[in-house]
Amino acid sequence: MGNAGNYDRWRPYEETTWSYQIFSRYDDQLGAIGTAHTNAMKYSYKSLKLQGAKWDDSAVLTLNTGDKFLSSFGTVRDWSDNYNLFDNWANLSTIISCAANLETYIAAVVDLAIRSDPGLLFNAPKSDDGAKLLKHGRANIDTSPQVTHCTKGDWSARFAALEKLFGEPCVERRRRVLIGVSMAVLSLQHPRSASTSTTRGVVVT
């Protein structure tokens, strides 16, 4: 840990917080789940193309999975329409899960930051040591207003709340986050129909 005389209270011991490590773990898991779904979908349509399937072919005979519920679909087109609806639902669910994971992380790290450095509440960072307050039983700090402002409302309001607490962030980083969130949501606004879908680069003719 180095010489005790060089100890710096405000220099983190770890590169990242535990909250961020948990956030990254779940983010990676969500990414793996989404990748598995995308590849299963591509494989399904590619297989249909290789066997020469057509939209009006029987779903039961063409897919031939043995699933008794497959009879719910008359044709490959019926099955594909419903698959596209499921794909859209899965994408929207992923967006919600990612947003929830991000909000949980932000809520945790904002709460911990304020408890560690209560001076943030008064625009006076590092003016008081939250660890000392905790040691002397004076760490009863209500962080719920700040957590709410940083995790609820539109992204501009959230960034404003974060800036108020922690100072002006990198403008380019904020721009990338806003663009990423906006594009992810806009790309999932409308389900894709079988009649117009190229199904991830593979067309069933």
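Considering only residues that are under 35 Å from the mean Cα position of the chain (by Cα) and either surrounded by 12 or more Cβ atoms within 10 Å (Cβ to Cβ) or of a type in the set (S, T, N, Q) (or both), which ones fall in segment 44-71? Of everything in segment 44-71, those that are under 35 Å from the mean Cα position of the chain (by Cα) and either surrounded by 12 or more Cβ atoms within 10 Å (Cβ to Cβ) or of a type in the set (S, T, N, Q) (or both) turn out to be SER44, TYR45, LYS46, SER47, LEU48, LYS49, TRP55, ALA59, LEU63, THR65, LEU70. Restricting LEU61, LEU30 to those that are over 29 Å from ALA108 (Cα atoms), among the hydrophobic types (A, V, I, L, M, F, W, C) and either without any contact (Cβ under 8 Å) to a residue 60 or more places away in the chain or in contact with a Ser or Thr (Cβ under 9 Å, 6 or more places away or on another chain) (or both) reduces the list to LEU61.
Condition (residue is at pLDDT 90 or above, of a type outside the set (Asp, Glu) and more than 30 Å from TRP155 (Cβ to Cβ)) applied to segment 86-96: is it met by at least one residue? No; the residues of segment 86-96 include none that is at pLDDT 90 or above, of a type outside the set (Asp, Glu) and more than 30 Å from TRP155 (Cβ to Cβ). Filtering segment 132-158 to residues that are under 21 Å from the mean Cα position of the chain (by Cα) and either at pLDDT 85 or above or not hydrophobic (A, V, I, L, M, F, W, C) (or both) leaves VAL147, THR148, HIS149, CYS150, THR151, LYS152, GLY153, ASP154, SER156, ALA157, ARG158.
Taking segment 92-119 as the range and being over 16 Å from GLN21 (Cα atoms), assigned to a helix (DSSP H, G or I) and touching a Lys or Arg at 6+ places or on another chain (Cβ under 9 Å) as the test, only GLY119 passes. Looking across segment 72-90, the residues that are crowded, with 17+ Cβ neighbours inside 10 Å and either under 29 Å from the mean Cα position of the chain (by Cα) or part of a helix (DSSP H, G or I) (or both) come down to VAL76, ARG77, TRP79, SER80, ASP81, TYR83, ASN84, ASP87. Any residue that is part of a helix (DSSP H, G or I) and in contact with a Gly (Cβ under 8 Å, 6 or more places away or on another chain) - is there at least one of those in segment 53-66? Looking through segment 53-66, at least one residue is part of a helix (DSSP H, G or I) and in contact with a Gly (Cβ under 8 Å, 6 or more places away or on another chain). ARG9 satisfies every condition listed in (1) at pLDDT below 90; (2) part of a helix (DSSP H, G or I); (3) charged (D, E, K, R) except (2).
One residue alone among SER93, SER80 is touching a residue at least 40 places away in the same chain (Cβ under 8 Å) and under 30 Å from MET41 (Cα atoms), and that residue is SER80.
The values are calculated or read from the model by the stated rules, or taken from the named source; none is laboratory data. The shown structure was predicted, so the numbers you read here are calculated from the model rather than taken from an experiment. Glycine gets a Cβ as well: all are built from the backbone with ideal geometry, and neighbour counts include every protein chain shown.
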